[in-house]
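Please read the structure below before turning to the comments.
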Amino acid sequence: MVSEQSPSQRKKLSFADRLSMECINLNLKCSTKDDAIRKLAQSIKSNEKIIDFDRFVSDVFKREKEASTGIGNGVAIPHARTNAVNDFIVAIGRNLPGIAFDAVDGKDVEIIILMGTPLQKIQQYLKLLAHLTNLLKRPGFISGLKNAKTPQELIALFRSFEK
């Protein structure tokens, strides 16, 4: 028997509920992936979920050295499982024109979704990453990310696709 998720379970998988206008930068204007990650990270530096900002950024770069997080279709998801954050954190940036990110398809990246999660919250992290991956596969979602004019519009895009 398949059971439906309760409202509280669905909420756990919502990216829209984890986004704020301060964590969205639709005008990064960076020329390298390192600069883009650093600049996007600055948008969440003062967030109460950040315990150690420098360590968070260092852990993201350490993960990036293991394998590029450029997943294709103009999207990258730099991320870290780290004790430098006390809860799941996300920031989204758009960089036009795109930048080289060593993406799996060799194309430049325009959308960067920076994420961090505490080491002990692996199950939640894996569920959120899978949820994001599913959103990115849905027709119109990536183009919506690329064409959003305001942070509010980007959050509304997530909400509409997460219904």
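Where a number appears in this text, it was derived from the coordinates with a stated rule and is not lab data. Quick caveat, the model's predicted, so the values are computed rather than measured. Counting neighbours? That spans all protein chains shown, and the Cβs are built from the backbone with ideal geometry, glycine included.
Please state the relative contact order of the chain as a whole percent: Cα pairs under 8 Å, 6+ residues apart?
After rounding, I find 26 percent.
I need the helices of the chain that pass two filters: whole DSSP H segments spanning 18 Å or more by Cα along the axis, and mean Kyte-Doolittle score no lower than -1.0. Please report the intermediate quantities before stating the final value.
Values: long enough: 53-66 (20 Å, -1.06); 122-137 (22 Å, 0.35).
Passing helices, by number: 122-137.
Tell me what the chain gives for mean residue ellipticity at 222 nm when only DSSP H runs of n ≥ 4 count, each as -39,500 (n - 2.57), the sum divided by the residue total, rounded to 500 deg cm²/dmol.
Values: 6 runs with 64 residues, N = 163.
My calculation for the chain gives -12000 deg cm²/dmol from helical runs alone.
Please identify the longest segment of the chain free of exposed GluC sites (Glu not before Pro), where exposed means a DSSP state other than H, G, I, E or B and no more than 11 other Cβ atoms within 10 Å.
The reported range is 49-163.
Rounded to whole Å and sorted largest first, what semi-axes of the equivalent ellipsoid does the C-alpha gyration tensor of the chain yield via the square root of 5 times each eigenvalue?
23, 20, 15
Between Glu66 and Asn147, take the C-beta separation as r, use R0 = 30 Å, and let me know the FRET efficiency to the nearest 0.05.
Working: r = 32 Å, r/R0 = 1.06.
The computed FRET efficiency comes out at 0.40.
Specify which residue in the list Thr117, Ile155, Ile51 is farthest towards the positive end of the charge dipole of the chain, using unit charges on the beta carbon of Lys, Arg (+1) and Asp, Glu (-1), about the Cα centre.
It is Ile155.
What does DSSP give for region 20-161 in terms of the percent of beta bridges that are antiparallel, rounded to the nearest 5?
On the way: 10 of 17 bridges.
Bridges in region 20-161 that DSSP calls antiparallel: roughly 60 percent.
Using Cα positions and a limit of under 16 Å, work out the lysines in reach of Lys107, with same-chain residues fewer than 8 apart set aside.
Lys33, Lys146
Which length gain, in nm to one decimal place, applies between Gln124 and Ser14 when the Cα-Cα distance is subtracted from 0.36 nm times their residue separation?
38.5 nm
Applying a 10 Å radius around every beta-carbon, put 26-33, 72-79 in order of their mean neighbour count, most first.
72-79, 26-33
Among Thr32, Pro97, Ile142, flag the residue with its Cα farthest along the positive direction of the charge dipole of region 1-151, charges on Cβ as +1 for Lys/Arg and -1 for Asp/Glu.
Ile142
Please find, in a Gaussian network model of the chain (springs between Cα atoms separated by less than 10 Å), the residue of Ala100, Ala91, Ala36 whose mean-square fluctuation is greatest.
Ala100
Suppose every Lys and Arg Cβ carries +1 and every Asp and Glu Cβ carries -1, with no other charges. What dipole size does the chain come out with about its Cα centre, to the nearest 20 debye?
Using only the charged Cβ atoms, the result is roughly 320 debye.
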